[in-house]
1. No solvent, one uniform scatterer per C-alpha: report log10 I(q)/I(0) for the range 422-483 via the Debye equation at q = 0.22 1/Å, two decimals.
2. Report the accessible area of residue 500, computed with a 1.4 Å probe over the heavy atoms of all protein chains in place, in Å² rounded to the nearest 10.
3. How long is the gain from residue 502 to residue 434 if the chain were fully straight, where each residue apart is worth 0.36 nm and the alpha carbon distance is subtracted?
4. Report residue 344's accessible area, 1.4 Å probe, all protein chains in place, as a number in Å² to the nearest 10.
5. Using a probe of 1.4 angstrom, how much of the accessible area of the range 134-281 is carbon and sulfur, in percent?
6. Given the protein chains as shown and a 1.4 Å probe, how many square angstrom of residue 364 are accessible, to the nearest 10?
7. For the range 210-309, which GluC sites (Glu not before Pro) are both in a DSSP coil and crowded by at most 15 other Cβ atoms within 10 Å?
8. Looking at 46, 69, 84, which one has the Cα that reaches farthest to the positive end of the dipole of the range 45-104 (charges on Cβ: Lys, Arg +1; Asp, Glu -1)?
Amino acid sequence: MQGLMMNQPLSVIELLRFAAEIHGSAEIVSVRTEGDLHRETYTQAFARTAQLAHGLRALGVGPGDRVATLAWNGHRHFELYYAISGMGAVCHTINPRLSAEQMVYIITHAEDRVLCLDLTFVPLIEALAEQLPDNLTFVLMTDRAHMPDTPLDLLCYEELLDGQPESYDWPVLPEDTAMGLCYTSGTTGNPKGALFSHRSTVLHALFMSVTLPRSLHEGARILPVVPMFHVNSWGLPYGAPLVGASLIMPGPKLDGASLFDLMESEQVTASWGVPTVWLGLREEIAKRDAVPSKLDQLAIGGSAAPRSMIEFYETRGVDVCHAWGMTEMSPIGTQGQLPVPMQSLPFDARMAAKSKQGRMFGVDLKIVDEDGARLPHDGEAIGELFVRGNGIVSGYFNNPEATGAAIDAEGWFGTGDVASIDKNGFLYIQDRAKDLIKSGGEWISSIDLENVAMAHPGVANCAVIAIPHQKWDERPLLIAVPAGEARPSLEDIHAVMEGHFARWQFPDGLELVDELPLTATGKVSKLTLRQRFADYRWADAG
Ligand code: ADP
């Protein structure tokens with residue numbers, strides 16, 4: 001028997017309409033590329049979004065058209081998100097840290113019609129212009145006074161809005177209509193497009209705001225360090241208006257000192273980003289011997305948060321929520337906020353639980369062995385991780401080959417991660433399948449080794465990669481950035497690993513480097529490290 005309830009299509013513009021009416025005084029504060037600090041309320045943002053939609057329509061943007069953005073976190077980027085999706089077009093966020101070749105590839109693959117860019121990226125587009133499609137219209141996200149001298153034919157964002165009506169007849173769209181396009185960073189081959197729908201984005205916003213109330217609640221002031229070009233800032237531009245939280249947009253300055261100052265001056269209560277960012281803030285906190293005064297929660301994801309980092313913040317009164325996800329999952333797949341009975345566990349047990357990646361309503365998880373048979377959720381069995389849910393891709397945009405490789409016979413998406421799941425349903429990511437180290441027929445988790453090595457005071461950051469070994473197949477090499485003047489030895493590292501691992505799992509080599517290469521999404525690039533250490537040889541087995 002069918003229920004007798006209305007079926008109103010879910011639509012992202014309704015999130016902003018609601019915020020404009022109900023949370024009208026919550027604000028978007030933006031450090032702009034022009035150098036100033038800009039403030040607008042959700043009510044003002046909704047009006048400007050309507051003006052922008054009129055402006056885009058005047059440019060010929062219609063339903064299904066891809067409009068690309070190349071921009072930092074800021075109010076104009078936020079307005080673009082809503083105007084583009086709200087009018088039935090697709091907002092394609094481009095990661096400026098992609099290689100020139102990849103950027104040209106995705107703009108061409110997405111068939112973008114318009115590209116909206118921040119001032120910072122004018123030189124980048126000038127250099128690429130020859131390789132970009134002829135029919136691409138450029139909009140510079142600034143006002144007339146800041147339009148630069150450039151050979152590019154640029155329209156001015158603020159002029160697109162000028163004089164346009166402050167309301168728009170937002171179309172009612174089927175909820176499966178595409179609204180956002182984000183390409184993976186393509187560490188293995190060409191980037192692949194995740195095409196989000198209104199339905200998936202609204203549901204993801206609801207799931208995250210229900211499961212992450214410590215960050216997302218009315219009156220909260222959230223600083224998304226995670227860029228709007230990295231999977232929609234992990235959904236914050238949708239979740240924050242929904243609950244009435246303000247967004248503090250940091251623009252391009254993401255170093256520890258700038259973040260600390262902005263957190264303090266804007267009374268930031270929560271901030272989300274990848275571990276490398278929190279290393280920078282940690283240094284600043286240590287230097288000033290103070291924590292931003294209102295900072296209550298950090299959400300850390302994108303790569304594994306080392307336990308030493310979690311403990312650093314937790315012992316200073318900042319709650320850490322360890323989250324896991326990927327572009328293909330909108331992106332949040334699990335989050336590690338502890339359930340109430342676990343919150344009173346002793347410190348050590350709590351930190352161990354927080355080092356896991358958690359769980360989330362709306363995302364089903366399964367782990368399977370090499371033959372695809374399901375493994376138990378007992379905290380012991382380790383297998384390849386598959387996911388299913390309303391915020392997860394069913395395929396890649398215009399890419400049947402990649403789709404076929406990613407979706408299994410039961411319709412689940414293969415994450416490429418290897419994990420265990422405990423009896424509480426907590427996910428524990430062991431590694432990316434391609435980063436695991438196979439030694440003598442046994443697996444060693446590079447993440448586990450990194451986690452423990454990071455606890456050595458002489459290690460500021462590190463990564464472990466597999467180096468081929470004649471006898472053992474592969475052996476772990478630790479590549480570390482020393483902290484300050486420290487010069488830890490391999491023996492020092494082994495000493496902190498004692499008790500955590502069997503001896504055969506210890507890294508066999510240590511290389512000290514000045515810094516680690518990062519991917520376009522700010523994670524340590526093991527691909528680059530593998531290339532850099534391709535000629536590395538073990539002394540014993542050649
Ligand atoms: P890309 O694949 O382009 O790096 P994503 O941001 O989608 O971009 O990366 C997703 C991957 O990042 C996951 O499959 C996983 O390997 C890793 N990851 C994300 N969060 C965590 C986490 N908390 N712990 C361990 N690995 C993580």
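1. Evaluating at q = 0.22 Å⁻¹ gives log10 I(q)/I(0) of -0.88.
2. 120 Å²
3. Details: separation 68, 0.36 × 68 = 24.48 nm, distance 2.20 nm.
Contour length minus the Cα-Cα distance gives 22.3 nm.
4. Counting only protein heavy atoms, residue 344 exposes about 100 Å² to solvent.
5. Values: 2630 of 5190 Å².
Summing carbon and sulfur atoms, their accessible area is 51 percent of the total for the range 134-281.
6. About 70 Å², ignoring ligands and nucleic acids.
7. Working: sites: 218, 264, 266, 283, 284; in loops: 218, 266.
In loop regions of the range 210-309 (DSSP not H, G, I, E or B), the sparsely surrounded GluC sites (Glu not before Pro) are 218.
8. The one lying farthest along the dipole's positive direction is 46.
The values are calculated or read from the model by the stated rules, or taken from the named source; none is laboratory data. Note that the coordinates shown come from a computational prediction; the quantities given were computed from them, not determined experimentally. For neighbour counting, all protein chains shown are included, and Cβ atoms are generated from backbone atoms with ideal geometry for every residue, glycine included. Each accessible area value is taken on the protein alone, full model and side chains, heavy atoms only, with ligands, DNA and RNA left out. Shrake-Rupley method; radii C 1.70, N 1.55, O 1.52, S 1.80 Å.
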